[in-house]
Amino acid sequence: MVLHPREIRWPGGGALYMLIVLTLWMGVTTLAAILLEPSIERYLFILKVMFMTLVIAMVVRTREEIVGLVWVIVASMSFYGIKGGIFTVLSGGGDRVWGPPDSVIEGNNELAVALVMIVPLLFYLSRHLDIGLPSYFVAKSRRQLVRLTLIVAMVLCSIAVLGSQSRGALLAVTAMLMSMWWRSDRKVPVLAAMLLVIPIVLSMLPESWYSRMETIGAYEEDASAMGRINAWTMAYNIAKDRITGAGFATAAPGIYAQYAPNPDFVIVAHSIYFQVLGEHGFVGLAIYLTMWLMTYLMAGRVARQASAAVGLEWAAALAGMVRVSLLGFAVGGAFLSLAYWDMPFYLLVVVVVLHAHVKSVVSRFPVGRLAANVG
């Protein structure tokens with residue numbers, strides 16, 4: 001960035017500005033936190049995530065750079081999905097799939113949601129191999145090999161999601177499949193394939209998987225579910241009492257003793273929504289939700305604008321698949337404390353830089369008359 005300052009560009013976009021507003025508001029809530037020292041420590045860590053998110057947004061500009069960013073995200077996460085899928089097949093699904101140790105996605109639930117978000121991006125890359133690959137893959141046979149690898153990765157990541165035995169991920173997968181079906185231009189064949197494949201896959205899962213999924217409806221008998229309800233109630237009570245929330249360190253005995261129905265059941269929020277609510281109040285939750293809603297709606301505008309221009313089909317398809325990934329995060333994140341996990345913020349960056357790129361290209365060429373090699 002120092003050596004090439006002219007290649008740095010602020011892409012703009014309301015979602016990116018809301019990210020800055022959220023970061024500033026978190027600074028306010030940290031200073032007003034009940035437990036100041038651990039809140040400051042956590043805030044400084046999150047500042048690094050937010051700062052690098054803004055840096056990426058300023059240096060990613062071209063079509064190849066945008067798709068290259070997607071390749072990096074997909075390769076980083078699908079590694080664990082491929083490994084977990086193979087493990088699930090070899091173990092017969094009897095053991096759970098876990099994420100990399102000492103990471104945000106170490107837990108089976110967290111990894112499952114991450115893989116749910118990756119599958120739509122894998123699907124996108126398999127359909128647009130003309131962008132982002134080195135010249136070595138120009139040969140048709142080599143591209144076919146890459147496409148086959150991506151399809152296998154999709155299958156293994158999906159198997160790993162089931163192998164995680166995550167109930168929240170099951171809901172996220174359902175939302176993702178419905179969204180991908182709705183966006184497909186071949187709804188009847190896709191629906192027929194889903195009705196054929198899904199029962200076969202479900203029939204191969206072990207009894208332990210069904211036993212765990214059945215607890216979704218019997219949450220009163222599930223200690224984990226009751227603990228989450230206790231944490232969610234506490235977050236709501238904090239937000240009602242404190243406009244700035246409790247700060248980042250809410251999972252503490254003293255705070256539970258003051259605000260939770262059951263002060264002895266101390267766990268983290270297990271929901272991106274109640275996590276933000278308890279830590280930053282109703283104001284913080286409103287900013288957080290607005291940021292993601294603006295990202296989702298911006299992706300929709302990019303898809304509509306790009307689909308009207310010849311040569312920008314890749315951008316329209318990418319925006320659509322990012323929307324599917326964000327939907328998976330919105331559903332799966334409702335049961336996990338992943339509010340500040342960096343991957344969704346990278347998808348936010350993909351949307352805003354994609355919007356800036358499409359807007360720039362369309363402004364220079366009449367809609368519908370864009371040369372394919374320009375997009």
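The values are calculated or read from the model by the stated rules, or taken from the named source; none is laboratory data. Predicted model, so just to flag it, every value in this text is computed and none were measured. Virtual Cβ from ideal backbone geometry, glycine too; neighbours counted across all protein chains shown. Just the protein is used for accessible areas: all its heavy atoms, side chains included, with ligands, DNA and RNA removed. Shrake-Rupley method; radii C 1.70, N 1.55, O 1.52, S 1.80 Å.
Assorted remarks:
- Residue count, the range 238-277 (criterion: surrounded by 16 or more Cβ atoms within 10 Å (Cβ to Cβ) and either more than 21 Å from Gly333 (Cβ to Cβ) or out of contact with any Leu (no Cβ under 9 Å at 6 or more places or on another chain) (or both)): 9
- Looking across the range 260-309, the residues that are closer than 19 Å to Pro11 by Cα and polar (S, T, N, Q) come down to Thr290, Thr295, Gln305.
- Selection within the range 289-313 - open to solvent by 10 Å² or more (accessible area, probe 1.4 Å) and not aliphatic (A, V, I, L, M): Thr290, Trp292, Tyr296, Arg301, Arg304, Gln305, Ser307, Glu313
- Any hit, the range 281-288, residues being open to solvent by 30 Å² or more (accessible area, probe 1.4 Å), at pLDDT 90 or above, of a type outside the set (Gly, Ala, Ser) and over 19 Å from the mean Cα position of the chain (by Cα): yes
- Within the range 38-48, the only residue that satisfies the criterion of being surrounded by 15 or more Cβ atoms within 10 Å (Cβ to Cβ) and closer than 25 Å to Val353 by Cα is Ile46.
- Any hit, the range 56-73, residues being part of a helix (DSSP H, G or I) and hydroxyl-bearing (Ser, Thr, Tyr): no
- Residue within the range 203-225 that is open to solvent by 70 Å² or more (accessible area, probe 1.4 Å), modelled with pLDDT under 85, closer than 30 Å to Arg127 by Cα and part of a helix (DSSP H, G or I) present: yes
- Test result for Leu327, surrounded by fewer than 18 Cβ atoms within 10 Å (Cβ to Cβ) and of a type in the set (A, V, I, L, M, F, W, C): no
- Filtering the range 55-64 to residues that are open to solvent by 20 Å² or more (accessible area, probe 1.4 Å) and in contact (Cβ under 8 Å) with a residue 60 or more places away in the chain leaves Ile56, Arg61, Thr62, Arg63, Glu64.
- Residue within the range 95-110 that is within 29 Å of Met321 (Cα to Cα), open to solvent by 60 Å² or more (accessible area, probe 1.4 Å) and either at pLDDT 95 or above or of a type in the set (A, V, I, L, M) (or both) present: yes
- Single unsatisfied condition, Ser76 versus (1) touching a residue at least 40 places away in the same chain (Cβ under 8 Å); (2) assigned to a helix (DSSP H, G or I): (1)
Listed here are the residues, each with its yes/no results for (1) surrounded by 24 or more Cβ atoms within 10 Å (Cβ to Cβ); (2) in contact with a Cys (Cβ under 6 Å, 6 or more places away or on another chain); (3) of a type in the set (Asp, Glu); (4) at pLDDT 70 or above.
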residue	(1), (2), (3), (4)
His128	no, no, no, yes
Phe137	no, no, no, no
Leu148	no, no, no, yes
Met154	no, no, no, yes
Cys157	yes, no, no, yes
Arg167	no, no, no, no
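- Phe335 open to solvent by 40 Å² or more (accessible area, probe 1.4 Å), closer than 23 Å to Thr174 by Cα and not polar (S, T, N, Q): yes
- For Thr88, the conditions (1) under 19 Å from the mean Cα position of the chain (by Cα); (2) open to solvent by less than 50 Å² (accessible area, probe 1.4 Å); (3) farther than 26 Å from Ala315 by Cα are fulfilled apart from (1).
- Hits in the range 1-37 - residues which are in a helix (DSSP H, G or I) and open to solvent by 60 Å² or more (accessible area, probe 1.4 Å): Pro5, Arg6, Glu7, Tyr17, Val21, Leu24, Val28, Leu31, Leu36, Glu37
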